[in-house]
Amino acid sequence: MSLLVVGSIALDSVFTPFGETADALGGSAVYFSVAGSILNPVQVVGVVGSDYPIAELDRLAPRGIDWSGVERADGESFRWKGKYSYDLQSRETLETRLGVFAAFRPKLPQAFRDARFLFLGNIDPELQLEVLSQVRRPEIVVCDTMNYWIQSKRDDLLKLLARVDMLMVNDSEARELSGDWNIHRAGRWILERGPKQVVIKQGEYGALLIEKGRTFHIPAYPLEEVFDPTGAGDAFAGGFMGYLARSNAVDTQHMRRAMVYGSTMGSYSVSGFGVRGFEGVTTEDVEQRVRQFVDLTNVPIAEPAP
Ligand code: AMP
């Protein structure tokens, strides 16, 4: 089934206690598609500047990523700079330079307009809305966002929320958007604005799938080495949407399984700098890690004594 993502295609400079990168391949659409394409082909919409190392994107194409919806514009590429705390739990954005994204007007190739599974990755909500209006009959629309857009484009974001099936954000974004510190109340606040489901990612504590009157939780895969949390959320989304597209299903049971694929992809993402955690990862590796969640989450609750 066709899976389409729009999002940032960035050059990231990241500082963690374990090392740093400068102008490395990153951005929400890149992490999403590197993870998602392990399960299902991915079509990408976005823009890069004249300084972008296109060869690096081309190198990823054989994995099943179609970059034909990526425009090459004159100017500087999107750049993001971030620094993580010692425990990798929080990060500070040092710099966001929109570059060619500031003037970007997405125009989907005809072949992309029939996409059935649509992920509106972290990007200006106005652009997310423009992409949404060009896709004819999506089966499911999921969107992400970030503090940067919650602060600067709140009205557009609320307009977008009313038109999507699911919002997928991390816990601090859910708190900031709703203005409520309690994650479950924040989830309900979001549901009241349009989406039927909300996924709230909680880093090393896993992720929640919240629906009206029902909540499901999946842990993070237990890792002893974590190097770079950047992009884990987008990789989670790639695994989640890749699984749904591969299964051609959007019911609750498949969504719960998709949470496991999301958590699995997040674990590969954090185990290397940039997208390097995915090098050499095969579908079979993913399936094997997914199976480990059965034991990780199995609770043999005893029947009450008669
Ligand atoms: P995550 O760690 O999942 O939140 O995603 C981090 C990725 O998002 C990095 O690769 C950045 O290039 C990208 N990013 C950071 N800020 C923004 C923004 N304001 N809009 C779009 N993408 C962003």
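Every listed requirement among (1) open to solvent by 40 Å² or more (accessible area, probe 1.4 Å); (2) within 28 Å of Ser2 (Cβ to Cβ) is met by Trp189 save one, (2).
Looking across region 124-138 at every residue that is in contact with a strand residue (DSSP E or B) (Cβ under 6 Å, 6 or more places away or on another chain) and within 20 Å of Val199 (Cβ to Cβ), the one that is surrounded by the fewest Cβ atoms within 10 Å (Cβ to Cβ) is identified as Pro138. Could you go through region 93-104 and let me know if any residue there is of a type in the set (D, E, K, R), more than 13 Å from the ligand (Cβ to nearest atom) and open to solvent by 70 Å² or more (accessible area, probe 1.4 Å). For region 93-104, residues of a type in the set (D, E, K, R), more than 13 Å from the ligand (Cβ to nearest atom) and open to solvent by 70 Å² or more (accessible area, probe 1.4 Å): absent. Looking at region 147-169 only, could you name the residues that are out of contact with any Leu (no Cβ under 7 Å at 6 or more places or on another chain) and surrounded by fewer than 21 Cβ atoms within 10 Å (Cβ to Cβ)? Once the filter is applied, which keeps residues that are out of contact with any Leu (no Cβ under 7 Å at 6 or more places or on another chain) and surrounded by fewer than 21 Cβ atoms within 10 Å (Cβ to Cβ), region 147-169 yields Asn147, Tyr148, Gln151, Ser152, Lys153, Arg154, Asp155, Leu158, Ala162, Asp165.
Evaluating Gly49 against the criteria (1) surrounded by fewer than 21 Cβ atoms within 10 Å (Cβ to Cβ); (2) modelled with pLDDT of 95 or more; (3) away from the ligand (no atom under 15 Å from the Cβ) leaves one unmet condition, (3). For Pro109, the conditions (1) open to solvent by 20 Å² or more (accessible area, probe 1.4 Å); (2) under 26 Å from Asn170 (Cα atoms); (3) touching a residue at least 12 places away in the same chain (Cβ under 8 Å) are fulfilled apart from (2).
Within region 1-37, the set of residues being open to solvent by less than 20 Å² (accessible area, probe 1.4 Å), within 11 Å of the ligand (Cβ to nearest atom), in contact with a strand residue (DSSP E or B) (Cβ under 6 Å, 6 or more places away or on another chain) and not in a loop (DSSP other than H, G, I, E, B) comprises Val6, Ala10, Leu11, Asp12, Ser13, Val14, Gly26, Ala29, Phe32.
If you go through region 224-258 and pick out every residue that is within 16 Å of the ligand (Cβ to nearest atom) and either of a type outside the set (Gly, Ala, Ser) or open to solvent by 50 Å² or more (accessible area, probe 1.4 Å) (or both), you end up with 9.
The values are calculated or read from the model by the stated rules, or taken from the named source; none is laboratory data. Quantities reported herein were computed from a predicted structural model and do not represent experimental measurements. Positions of Cβ are generated from backbone atoms using ideal geometry, with glycine treated the same way; all protein chains shown enter the neighbour counts. What goes into the accessible areas is simple: the full protein's heavy atoms, side chains included, and nothing from ligands, DNA or RNA. Shrake-Rupley method; radii C 1.70, N 1.55, O 1.52, S 1.80 Å.
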